[in-house]
Amino acid sequence: MTGRHGRTRSVWADVVLLLIGACFLLPLLWLVLGSLDPAAGHGTKLPQQPGLDNFAAVFTPELLFRPLWNSLLLSAGTGIVTLVAAVLAAYPLSRYRSRFNTPFMSAILFGTCLPVTAIMVPVYGLFVQLRLLDSIFATVLFLAATSLPMAIWMTRNFMDAVPLALEEAAWVDGASRLSGLRSIVLPLMGPGLGVVFIFVFIQAWGNFFVPFVLLLSEASQPAAVSIFSFFGQHGAVAYGQLAAFSILYSVPVLALYVIVARGSGNALALAGAVRG
Amino acid sequence: MAANHRGRQVLRYLPVLPAVVLLAVFLAGPVLWAFHASLTNAGLTGKHARNPEWVGLENYQRLLQDPAFPLSLALTVLFVAGSAILGQNVLGLALAVLMRRARPMVSATVGTAVVAAWVLPEIVAAFAAYAFFSRDGTLNQLLGAFGLAETDWLYAVPMVAVILANTWRGTAFSMLVYRAALNGVPAELTEAAQMDGAGAWQRLVFITLPVIRGSIATNLMLVTLQTLAVFTLIWVMTAGGPANGSTTLPVLAYQEAFKFGDIGYGTAVAVVLILIGAVFGLAYLRLLREQKP
């Protein structure tokens with residue numbers, strides 16, 4: 001009885017899920033079909049003469065390689081700066097007891113709630129004052145600051161999971177705090193650090209608004225911003241090329257996401273420390 | 001002795017310094033500067049760019065009189081309520097519940113589709129949504145196939161379009177949160193209710209939802225904050241138009257400051273957004289404190 005009930009219900013759930021899933025896929029289908037269709041427009045249709053012309057058209061240094069290189073500099077730079085600052089900050093917060101810890105972590109958590117789009121006007125002002133506009137390095141520092149609150153939380157949680165006893169054993173053998181951190185703690189939290197790095201990298205790679213405001217010259221723009229060059233001067237849009245470029249630009253982060261989701265077996269790691 | 005101890009404690013916390021400097025210069029600094037600049041007539045170019053004058057609360061008075069501000073506040077509330085609280089949150093929960101009943105193959109496939117929209121770079125998702133809703137886009141093609149009339153979604157009902165687009169883009173987060181939460185519900189609880197004759201719907205409403213209410217509250221808070229800050233999706237799809245018809249607070253702040261060059265006024269809009277974020281942030285901290293055992 002319950003078995004039969006359970007099975008009918010499961011078929012019903014299958015159908016509803018597949019319908020919702022189809023709705024989620026439709027906008028993506030346009031990307032894939034459009035990229036293969038030299039005559040692509042807004043609509044989704046099977047290409048009359050499918051081909052890789054769109055990909056060939058965007059495969060140039062100006063259109064593809066320089067923007068992707070800038071994206072890589074921006075994202076890898078942000079990932080490295082964030083990770084170094086987060087590991088350094090997490091160490092005392094995880095290893096020492098102090099009245100300072102709780103208010104600091106609360107302030108950091110509060111910082112994760114700041115709507116970053118709201119401070120882009122003052123940040124632009126700051127960059128103008130300090131003559132930092134168009135500097136990829138300065139943009140890296142800003143992006144690192146916006147990722148830091150979440151990164152510090154995640155890093156500290158991973159570090160708390162490494163038993164202090166292992167480090168103490170190393171100290172007895174004469175290791176310093178720093179070499180204990182380097183040779184014992186960091187290797188043990190390697191996968192966790194990988195998750196934090198990829199998390200920050202994906203966010204920076206996909207960020208549009210920050211480089212849009214802070215990086216003005218074409219030479220320093222990442223792919224998120226240069227994508228606008230497919231909107232022609234007179235309103236003509238090269239949809240097929242836009243779709244092809246979008247796919248080439250998206251593949252690295254999709255791949256990184258798969259690595260994290262497979263590796264940690266928990267996609268939520270990327271959603272951040274949801275429970276705080 | 002005490003001074004020595006304190007000195008050692010300070011030294012121990014030295015590694016926190018780089019993070020603190022970054023946060024102070026690039027986050028706390030701009031927030032404080034925003035409060036200050038919103039009280040001036042700072043401009044993007046011209047003499048007010050070099051020598052902004054103190055104007056007190058003038059920008060805020062202007063906000064209250066400017067019909068664009070209450071409209072954009074209302075649109076922001078509509079956007080958050082429609083796409084975050086109703087769209088992402090409810091759809092995410094529904095997906096998570098359905099996935100427990102469906103075949104694992106189906107769950108995994110649909111889960112991948114939902115997550116793909118979320119992992120894609122923001123700008124790509126925005127372009128895909130723009131093409132989907134545009135006049136000769138996929139949605140109208142589908143409606144046409146069913147014999148329904150076309151609508152120029154982005155002009156006729158821009159808020160409906162951006163709310164649906166943001167639901168499409170962000171539901172994965174809620175879905176992942178709720179899948180994890182439902183996995184944590186003890187099976188004995190729902191089994192016992194089933195023995196007592198409770199139907200599926202009753203078990204969900206009276207057993208499952210109360211057990212995961214902590215996750216629901218946390219998720220609501222986080223999706224609200226994320227949606228409050230959405231700029232790219234709206235900007236690419238409608239640029240806030242037509243006639244401010246989809247200008248939420250982030251779009252309004254951007255337009256006033258960068259399009260019209262009125263940094264002081266645009267910053268006043270940003271300050272309102274920061275304050276709304278701060279209220280939710282404080283509520284979030286409180287919520288987490290209550291959840292801790």
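The values are calculated or read from the model by the stated rules, or taken from the named source; none is laboratory data. In this text, all values refer to a predicted model and were calculated from it rather than measured experimentally. In this analysis, Cβ positions are derived from the backbone assuming ideal geometry, glycine residues included, and neighbour counts consider all displayed protein chains. Keep in mind that these areas ignore ligands, DNA and RNA; they rest on the heavy atoms of the full protein, side chains included. Shrake-Rupley method; radii C 1.70, N 1.55, O 1.52, S 1.80 Å.
What to note about this one:
- The order of A:ILE227, A:ILE136 by accessible area, most exposed first and with a 1.4 Å probe, is A:ILE136, A:ILE227.
- The length gained by stretching the chain between A:ALA169 and A:SER106 to full extension, at 0.36 nm per residue less their Cα-Cα distance, is 19.5 nm.
- Rounded to the nearest 10 Å², the accessible area of A:GLU218 at probe 1.4 Å: 140 Å²
- Note on surface exposure: B:THR109, A:THR44 rank B:THR109, A:THR44 by accessible area, highest first, 1.4 Å probe.
- Seen from B:THR40, the other residues with C-beta closer than 10 Å to its C-beta sum to a net charge of -2, counting Lys and Arg as +1 and Asp and Glu as -1.
- Contact with the other protein chains removes 40 Å² or more of accessible area, compared with the isolated chain and a 1.4 Å probe, from these residues of region B:27-45: B:LEU27, B:PRO30, B:TRP33.
- Taking every C-alpha pair closer than 8 Å and separated by at least 6 residues, the mean separation divided by the residue count of region A:151-249 gives a relative contact order of 19 percent.
- Heavy-atom accessible surface of B:LYS259, to the nearest 10 Å², is about 130 Å², with a 1.4 Å probe and all protein chains retained.
- Peptide B:5-17 has a mean of 4 when you count, residue by residue, the C-beta atoms of other protein chains within 10 Å of its C-beta.
- Global geometry of region B:37-96, whether rounded, prolate or oblate, following the gyration tensor of its Cα atoms and the 1.5 cut on a/c: prolate
- Pairwise centroid distance, computed over Cα atoms, of region A:39-111 with region A:189-203, Å: 11 Å
- Partner chain coverage, peptide B:100-111 - average Cβ within 10 angstrom: 5
- Cut-off under 5 Å, modelled amide H: who pairs with A:PHE100 long-range: none
- Accessible surface buried once A binds B (1.4 Å probe; total of both sides; Å²): 7400 Å²
- Karplus (6.51, -1.76, 1.60) ³J(HN,Hα), θ = phi - 60°, over region B:144-150, in Hz, Gly and Pro reported as x: x, 4, 8, x, 8, 6, 6
- Amide H contacts of B:THR40 (H built 1.01 Å from N, under 5 Å, at least 5 apart or other chain): B:VAL55
- Inter-centroid distance (Cα atoms) of region B:119-142 relative to region A:123-161, Å: 31 Å
- Solvent-accessible surface (1.4 Å probe) assigned to B:MET105 amounts to roughly 140 Å².
- Computed from backbone phi with θ = phi - 60° and the Karplus coefficients 6.51, -1.76 and 1.60, the 3J(HN,Hα) list for region B:174-190 is 4, 4, 5, 4, 6, 4, 5, 5, 5, 5, x, 7, x, 5, 4, 4, 6 Hz; x is used for glycine and proline.
- Result for chain B in a Gaussian network model with C-alpha springs under 10 Å: among B:ALA217, B:ALA116, B:ALA193, the largest mean-square fluctuation is at B:ALA193.
- Going by accessible surface with a 1.4 Å probe and the largest first, B:HIS48, B:HIS5 read B:HIS5, B:HIS48.
- Taken per residue, the accessible surface of chain B reaches 47 Å², heavy atoms only and a 1.4 Å probe.
- Mean-position separation - Cα centroids, region B:177-241 and region B:62-110, in angstrom: 12 Å
- Restricting the chymotrypsin sites (Phe, Trp or Tyr not before Pro) of region A:47-136 to loop positions (DSSP other than H, G, I, E, B) with no more than 16 neighbouring Cβ atoms within 10 Å leaves A:PHE59, A:TYR96, A:PHE100.
- Backbone geometry of region B:55-65 corresponds, through the Karplus equation with coefficients 6.51, -1.76 and 1.60 at θ = phi - 60°, to 3J(HN,Hα) couplings of 10, x, 8, 3, 4, 6, 4, 4, 3, 5, 8 Hz, x marking Gly and Pro.
- Atom-type composition of the exposed protein surface of region B:1-137 places 69 percent of the accessible area on carbon and sulfur (1.4 angstrom probe).
- In region B:247-293, the residues whose accessible area drops by at least 40 square angstrom when the other protein chains are added to the isolated chain are B:TYR254, B:PHE258, B:ILE274, B:TYR284, B:LEU285, B:LEU288; the probe is 1.4 Å and only protein heavy atoms count.
- Sulfur and carbon atoms: percent of accessible area, region B:141-286 [1.4 Å]: 65 percent
- Other residues lying with their Cβ under 13 Å from the Cβ of B:ARG62 contribute a combined charge of -4, Lys and Arg counting +1, Asp and Glu -1.
- Here the relative contact order of chain B, from alpha carbon pairs under 8 Å that lie six or more residues apart, stands at 29 percent.
- Relative contact order of chain A, defined on C-alpha pairs under 8 angstrom at six or more residues apart (%): 29 percent
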